[in-house]
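Below is one structure; the comments refer to it alone.
The values are calculated or read from the model by the stated rules, or taken from the named source; none is laboratory data. Only a predicted model underlies this, so the values are computations on that prediction, with no experimental measurement involved. Cβ placement follows ideal geometry from the backbone for every residue including glycine, while neighbour counts extend to all protein chains displayed. The area values use the complete protein model at the heavy-atom level, side chains included, leaving out ligands, DNA and RNA. Shrake-Rupley method; radii C 1.70, N 1.55, O 1.52, S 1.80 Å.
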Amino acid sequence: ESGFLVPSPGYNSVDGKMLRDIAYYQVWGKYADSKLSLDYYENTGWELNLRNRYIKRYMLKGNINASLLKKIEPFRTKYEWDISAKHHQDFSDDAIFDANLHFISSTSVWENSESIDEREQEKITSSISYKKPLWGRTLSITGTYTENLIEKTKSLTLPSISYSLASKPIYELFYDQNSKIPEYAWWKNFSYSYKLKATHEADINDPNSNLSDLFYETTQDSNGTYINQHIAGVKHELGLTYSKKYRGWLDFSQSFRYNEAWYDRDKNYDINKDIFVRGSDYSLTTSLGFSLYGLGDLPGDYIRAIRHVISPNISFSFKP
């Protein structure tokens, strides 16, 4: 039920008299609640906290928390803030979304924390993730943001996209599961595979950076050293394989692999010019092999026979 909570009084030599958890608790229907609380310290200020929780079974859950602190110090008064949020959601198509966000004004916000690990923390990390089934595999789109609170540096990876499609028969692109595949069709023995990796990364060393520095602006100092740096690239890996067993015993395989990468710069990158680079390679592999099975009888009570397999194989690879 909604209502006021009982506060907790106290005293210490630094904060003086205190009254913690002057709070009101609010219920929002069946799936959420909130708590607004105030901690008052006679000598050092106050802390206002807002806590929100929500959950709906099999669909979503999460929380959003925020704090505002007034700190009274010798010769000055300052304000600090802390915002964090967690969210998990399941979709009807088996896709999953997760977010874990955390932002603070400075490490001073944790000075009164009861957790030693929190008071000594030097970095905070936020992340988002979306995963969705696609053609029997998982498409993953993620992002991470890390802030070093001591060195005043930031790093960002957004987005990072990955997808890997293992070897699959190529006829699945044209026939559904209920279709009848001709028994002697020559194209039945072809299979394909595909991998994708795409990412954008940023290293921000300017303590006074803004949003443009964080998301796309690359800057250098007078010596050509990167202050804020962004790097982006995409890589594709495509494979095509033909395999067949001749006369029931000879395994033949012919495969082709093609790799291609796109980057926003090369080693001769000029910050004042737009340079886009591309690189690729390919390879061909042919292999032949078969297996011989044998069974040798042995006299004796403990070992009656030995089964052996010999599998000779010869292959040729060409990669210019």
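In order along segment 56-63, the phi-based Karplus estimate (6.51 cos²θ - 1.76 cosθ + 1.60, θ = phi - 60°) of 3J(HN,Hα) comes to 9, 4, 6, 10, 7, 7, x, 8 Hz; Gly and Pro are listed as x. Averaged over its residues, segment 1-136 has an accessible area of 68 Å² per residue, based on protein heavy atoms and a 1.4 Å probe. Note on LEU298: accessible area is roughly 70 Å² with a 1.4 Å probe, heavy atoms of protein only. In summary, the convex hull built on the alpha carbon positions of segment 166-320 has an orientation-averaged projected area of 19.6 nm². Applying both filters, DSSP loop and at most 16 other Cβ atoms within 10 Å, to the chymotrypsin sites (Phe, Trp or Tyr not before Pro) of segment 288-320 gives PHE290, TYR302. Loop-located GluC sites (Glu not before Pro) in segment 107-216 (DSSP state not H, G, I, E or B) with no more than 14 neighbouring Cβ atoms inside 10 Å: GLU111, GLU114, GLU120, GLU122, GLU151, GLU183. For segment 1-70, which whole percent of the accessible surface, found with a 1.4 angstrom probe, sits on carbon and sulfur atoms? C and S fraction of accessible area: 60 percent. Diffusion coefficient (Stokes-Einstein, Kirkwood radius over C-alpha pairs, 25 °C, 0.890 mPa s) for segment 34-123: 162 µm²/s, rounded to a whole number. A dipole drawn for the chain from +1 and -1 charges on Cβ atoms has a positive end, and of ALA99, SER191, LEU36 the residue lying farthest that way is SER191. In this structure, VAL234 and GLU122 have a Cβ-Cβ separation that, at R0 = 41 Å, corresponds to a calculated FRET efficiency of about 0.80. Gyration tensor analysis over the Cα atoms of the chain returns equivalent ellipsoid semi-axes of 59, 30, 21 Å (largest first, whole Å). Along the chain, the exposed loop sites are trypsin sites (Lys or Arg not before Pro) outside DSSP states H, G, I, E and B with at most 15 other Cβ atoms within 10 Å, and the longest stretch free of them is 58-151. Projecting each Cα onto the charge dipole of segment 200-248 (Lys/Arg +1, Asp/Glu -1 at the beta carbon, about the Cα centre), which of SER222, ALA232, ALA202 comes out farthest on the positive side? It is ALA232. Taking every alpha-carbon pair under 8 Å whose residues sit at least 6 apart, segment 110-240 reaches a relative contact order of 20 percent. Rounded to the nearest 20, the Cβ-based charge dipole of segment 172-320 about its Cα centre (Lys and Arg +1, Asp and Glu -1) stands at 1160 debye. Taking the charge dipole of the chain about its Cα centre, with +1 at Lys and Arg Cβ atoms and -1 at Asp and Glu Cβ atoms, the residue from ILE310, GLY294, SER167 reaching farthest to the positive side is GLY294. Rolling a 1.4 angstrom probe over the protein heavy atoms with all chains in place gives segment 251-320 an accessible area of 81 Å² per residue. With Cα atoms defining each centre, segment 286-316 and segment 16-34 are spaced 74 Å apart in the structure.
Note on the chain: with charges restricted to the Cβ of Lys and Arg (+1) and Asp and Glu (-1), its dipole about the Cα centre is near 1500 debye.
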